[in-house]
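> My questions all concern the structure below.
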Amino acid sequence: MTELTTLEAVAGFLSPTALFVILLVLHSVIPARRVDGYAHPNTDPAQYRLNGGLVFIAALVIWWFEVTGVPLDWLWRVKWHAIGGGVALSAVLTTWCVFRAPADERNPIVQWLDGRARNMQFRGHVDAKMFLYIFGGTYLALNAVASAAYHEGQFGAAANLGLYLHAAMWVWFAADYFAFERVQLFTFDIIEERVGMKLIGGCIVVYACIYPVALWFLADVPAPDIDPAYNPLWLGGSALVFLAGWVITRGANLQKYTFKRSPDRAFLGFMQPTTISDGNKTILCGGFWGASRHMNYFGEILEALGMALALGHFLNFWAWIYFVYLVVFFVIRERIDDGRCAEKYGELWTEYRAKTRYRLVPGVY
């Protein structure tokens, strides 16, 4: 861990807040397209301004050319102070968002953690959820770039090529979200999740700072002792595993998005929608969603596996921490989702379970 002066420590603590303000300004002034989101029965769809991709590109350019005056590796050097500042920022924003919405009968602590309002838009210009995802994805990518820059400064020509690949995968991960930003409007998180500490802290701290935890501990570690002759197998294999996961995740999410917007349309022009229905509710059960009930989760697990392998430190605990976290998280979340769907769809969900046996991994689990 690099030594910081008192001024640098304070600046590091305030970095997430400064980034929040900069991204909010960019989101507000950069041209955006207005689109409709998901509509609940008997309600009109909410409208959204989408310009996350342009904000993301602008932020990367500003950071790369050090327009703000801080060095490229700044976020790595102040990482622990920035995480503390992110927690503080999340707590302040949560308190403000929760207490400006009407209270309900739940415990106040539960309301603060889970939130009260499902949707918060300010003057029809900024949607709280969508901006938080812009912030989280952009901050994540900047953390990856800063880590790679620090590693380059430490090791130069002897740097770990796998760490650069790992960082590039995180940038791809964020860029992919922004390339398909509209798809997010039709996910559970945007439709149902409330704006509370879980969502706000999740975007500002967990998503942006905890996901790339391997970089915090390995950017100052020398390259692994791997014969360069094995680089094509090591790096190429890692990239293939990651891309396979990306294809599965993106394909599954796009298939469901296509079905929600155009139920009779064939996905990719050839994958005809296979469904079951009780005359009132309908479940997609073909294509990706016929292989397992949560193929999108399985794809993300494969992406995490590719990222862990890319680092090349195969026996290092920190190289695997994100992969292990994601496996545990999705096993638990799948169980929670299963209960919600059973409550929502009743016997129709029982029928879907019978048709699609596997929860996450086709043929395995």
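> Just to confirm my numbers, what's the Cα centroid distance between the stretch 46-60 and the stretch 218-233 in Å?
36
> Test of the criteria: in the stretch 309-347, which chymotrypsin sites (Phe, Trp or Tyr not before Pro) are in a DSSP loop and have at most 13 other Cβ atoms within 10 angstrom of their Cβ?
Here the chymotrypsin sites (Phe, Trp or Tyr not before Pro) that fit, given the DSSP loop and packing criteria, are F314.
> Any lysines with Cα under 30 Å of the K129 Cα? List them, leaving off those in the same chain fewer than 8 positions away.
Once the sequence-local lysines are set aside, what remains near K129 is K79, K198, K256, K260, K281, K344.
> I'd like the distance between the alpha-carbon centres of the stretch 263-291 and the stretch 70-117, rounded to an integer number of Å.
Cα centres, the stretch 263-291 to the stretch 70-117: 38 Å.
> What percentages make up the Cα-Cα pair-distance distribution of the stretch 210-260 when the bins are 5 Å wide from 0?
4, 15, 12, 16, 20, 13, 8, 6, 4, 2
> In addition: Carbon and sulfur together cover what percent of the accessible area of the chain at a 1.4 Å probe radius?
Carbon and sulfur atoms account for 64 percent of the accessible area of the chain.
> If you place +1 on the Cβ of every Lys and Arg and -1 on the Cβ of every Asp and Glu, how big does the dipole about the Cα centre of the chain come out, in debye to the nearest 20?
Charge dipole, the chain, about its Cα centre: 1080 debye, nearest 20.
> Per DSSP helix of 4 or more residues, -39500 (n - 2.57); summed, then divided by the residues of the chain. What does that give at 222 nm, rounded to the nearest 500?
-19000 deg cm²/dmol
> Turning to a different aspect of this structure: If contacts are Cα pairs under 8 angstrom and at least 6 residues apart, what is the relative contact order of the chain in percent?
16
> Can you give the relative contact order of the stretch 87-166 as a percent, counting alpha carbon pairs under 8 Å and 6+ residues apart? Display every interim value, and only then the final one.
Values: 30 pairs, mean separation 12.4, N = 80.
Relative contact order here is 15 percent.
> Can I ask one more? Given N residues in the stretch 1-157, what is its alpha carbon radius of gyration divided by 2.2 N^0.38 Å?
Values: Rg = 18.3 Å, N = 157, 2.2 N^0.38 = 15.0 Å.
Computed over Cα atoms of the stretch 1-157, the ratio equals 1.22.
> With only Lys, Arg, Asp and Glu charged, each at its Cβ (+1 for the first two, -1 for the last two), find how big the charge dipole of the stretch 47-123 is about the Cα centre; round to the nearest 20 debye.
For the stretch 47-123, the charge dipole is close to 180 debye.
> Please compute the per residue accessible area over the stretch 150-254 with all protein chains in place, 1.4 Å probe, rounded to a whole number of Å².
Result: 39 Å² per residue.
> Specify which residue in the list T17, T6, Y48 is farthest towards the positive end of the charge dipole of the stretch 3-69, using unit charges on the beta carbon of Lys, Arg (+1) and Asp, Glu (-1), about the Cα centre.
Y48
> Need one number for the stretch 102-173: average projected area of the convex hull over its C-alpha atoms, nm².
7.5
> Also: Is the shape of the chain best called rounded, prolate or oblate, per the rule: a/c under 1.5 gives rounded, else a/b larger than b/c gives prolate, else oblate, with a ≥ b ≥ c the square roots of the Cα gyration tensor eigenvalues?
Judged from the Cα gyration tensor, the chain comes out oblate (a/c at least 1.5, b/c at or above a/b).
> Which whole-number percent is the relative contact order of the stretch 65-198 (Cα, under 8 Å, 6+ apart)?
Working: 116 pairs, mean separation 50.9, N = 134.
Averaging sequence separation for qualifying contacts and normalising by length gives 38 percent for the stretch 65-198.
> Please say if the stretch 64-156 is rounded, prolate or oblate, where rounded means a/c under 1.5 for a ≥ b ≥ c the square roots of the C-alpha gyration tensor eigenvalues, and otherwise the choice is prolate for a/b larger than b/c and oblate otherwise?
Verdict is prolate for the stretch 64-156.
> Taking the Cβ-Cβ separation of N280 and D338 as r and a Förster radius of 25 Å, what is the calculated FRET efficiency to the nearest 0.05?
Plugging the Cβ-Cβ distance into 1/(1 + (r/R0)^6) gives 0.75.
> Here's another thing I want to ask about it. Send over a whole-number figure in Å² for the accessible area per residue of the stretch 28-137, probe 1.4 Å.
52
> Also, I was wondering about something else. Among G312, G236, G279, whose mean-square fluctuation peaks in a Gaussian network model of the chain (Cα, cutoff 10 Å)?
G279
> Now for a different question. When a/c reaches 1.5 or more, the comparison of a/b and b/c decides; with that in mind, is the stretch 47-91 rounded, prolate or oblate per its Cα gyration tensor?
Oblate, because a/c is 1.5 or more while a/b does not exceed b/c.
> If you keep only loop residues by DSSP, which trypsin sites (Lys or Arg not before Pro) in the stretch 293-365 have at most 16 other Cβ atoms within 10 Å of their Cβ?
When the trypsin sites (Lys or Arg not before Pro) of the stretch 293-365 are filtered for loop state and at most 16 Cβ neighbours within 10 Å, R357 remain.
> Stick to the Cα atoms of the stretch 32-112, pair each with every other, and give me the Kirkwood hydrodynamic radius in Å at one decimal.
16.9
The values are calculated or read from the model by the stated rules, or taken from the named source; none is laboratory data. In this text, all values refer to a predicted model and were calculated from it rather than measured experimentally. Note that we place each Cβ from the backbone using ideal geometry, even for glycine, and neighbour counts take in every protein chain shown. Each accessible area value is taken on the protein alone, full model and side chains, heavy atoms only, with ligands, DNA and RNA left out. Shrake-Rupley method; radii C 1.70, N 1.55, O 1.52, S 1.80 Å.
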